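Here the structure comes first, spelled out in structure tokens, and everything after it is commentary.
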Amino acid sequence: MLSVAGADHIITMDLHASQIQGFFDIPVDNLYAEPAVLKWIKENIPEWRNCIIVSPDAGGAKRVTSIADRLNVDFALIHKERKKANEVAAMVLVGDVKDRVAILVDDMADTCGTICHAADKLLEAGATKVYAILTHGIFSGPAISRINNACFEAVVVTNSIPQDRHMKECSKIQVIDVSMMFAEAVRRTHNGESVSYLFSNVPY
């Protein structure tokens with residue numbers, strides 16, 4: 001639809017699967033939230049050197065290992081066996097979170113069932129605090145009430161989706177502004193400069 005409507009270049013962020021870039025026959029720049037996430041962690045979590053980065057499912061392992069490497073900390077993952085779509089079954093924590101700040105990282109959160117279960121699991125396993133950092137905060141259905149009732153210090157999302165209403169309904173939601181990353185990508189594309197600088201740097 002985007003191509004047919006006349007778009008000749010797509011700039012997006014943290015596609016759910018990077019293969020989606022191949023669906024287009026026009027250039028696609030898939031920016032990463034990771035540099036902004038690293039900046040947020042260092043500026044807002046005083047104990048970040050003693051944290052552990054946790055993926056709420058095996059699919060996000062690559063994302064968390066990358067962040068853990070850049071921070072020089074350990075990572076863990078939660079393996080879940082789903083019975084059917086949108087229903088979380090048994091969850092198994094792989095890794096040691098005892099006496100550490102756990103930071104759950106994922107690309108999106110919809111109804112938040114998985115991350116709220118994961119947060120409980122991490123506290124049971126001895127984590128001192130739990131944060132969640134998610135690129136796209138969809139927050140549909142019972143998501144906001146689940147977060148309000150969960151044990152997060154903060155749930156951090158980018159403003160790829162407007163979050164004003166969600167922030168009013170839930171004091172735990174905090175926002176990383178990625179508008180500057182998109183603006184810089186547009187500027188670089190317009191001037192024929194390299195966009196790949198933004199894959200590992202924040203332009204502000």
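The values are calculated or read from the model by the stated rules, or taken from the named source; none is laboratory data. Just so it is clear, the model here is predicted, and its values are computed rather than measured. Here Cβ is always computed from backbone atoms with ideal geometry, including for glycine, and neighbour counts include all displayed protein chains. Protein only, heavy atoms only, side chains kept; ligands, DNA and RNA dropped before computing areas. Shrake-Rupley method; radii C 1.70, N 1.55, O 1.52, S 1.80 Å.
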Those residues of the range 55-73 which are in contact with a strand residue (DSSP E or B) (Cβ under 8 Å, 6 or more places away or on another chain), open to solvent by 30 Å² or more (accessible area, probe 1.4 Å) and within 22 Å of Asn201 (Cα to Cα) amount to Arg63, Thr65
Condition set within 21 Å of Tyr197 (Cα to Cα) and at pLDDT 95 or above, scope the range 1-18, selection surrounded by the fewest Cβ atoms within 10 Å (Cβ to Cβ): answer is His9
Checked the range 128-153 for anything hydrophobic (A, V, I, L, M, F, W, C) and touching a residue at least 40 places away in the same chain (Cβ under 8 Å); matches are Ile133
Residue by residue through the range 23-39, note down the ones that are open to solvent by 50 Å² or more (accessible area, probe 1.4 Å) and either within 19 Å of the chain's Cα centre (by Cα) or under 28 Å from Arg70 (Cα atoms) (or both). Tyr32, Lys39
State whether the residues of the range 101-111 include one that is over 24 Å from Gly137 (Cβ atoms) and at pLDDT 95 or above. no
Selection within the range 107-162 - within 25 Å of Asp177 (Cβ to Cβ), buried (at least 18 other Cβ atoms within 10 Å of the Cβ) and among the β-branched types (Val, Ile, Thr): Ile115, Val130, Ile133, Thr135, Ile144, Ile147, Val155, Val156, Val157, Thr158
